[in-house]
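Some notes on the structure that comes next.
The values are calculated or read from the model by the stated rules, or taken from the named source; none is laboratory data. This structure is a prediction, so every number in the text was calculated from the model and none was measured. These area figures cover heavy atoms from the full protein model, side chains too; ligands, DNA and RNA do not enter into them. Shrake-Rupley method; radii C 1.70, N 1.55, O 1.52, S 1.80 Å.
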Amino acid sequence: MKCEDLLKALGDYVDGGLEPGICEAFESHLAGCQPCQVVVDNVRRTIALFRDGKPYEMPDAFRDRLHAAVRAKWKERMGPA
């Protein structure tokens, strides 16, 4: 299995929808490919955060930058308030 094959099947793998033989090839590839391990781990963590449904507290500095960026984009598209 190549990285691109793994990425195409990633959703089914994480959801448990792959056939056992494909799962084995997937896991064999993961055992030797650190970049794919990172991708799969990030997808699993994202799904876990979403499933938990708990709000994530944004750092103040990030929240302020995000709000400023949204306001600037709004003014750019809609004009001054």
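Step by step: first the residues of segment 11-40, then only those that are under 18 Å from Arg51 (Cα atoms) and in a helix (DSSP H, G or I), then the one that is least open to solvent (accessible area, probe 1.4 Å). Which residue is that?
So, considering only residues that are under 18 Å from Arg51 (Cα atoms) and in a helix (DSSP H, G or I), the one least open to solvent (accessible area, probe 1.4 Å) is Val40.
Please find, within segment 50-61, the residue that is farthest from Val14 (Cα to Cα) out of those that are assigned to a helix (DSSP H, G or I) and either basic (Lys, Arg) or open to solvent by 90 Å² or more (accessible area, probe 1.4 Å) (or both).
Asp60
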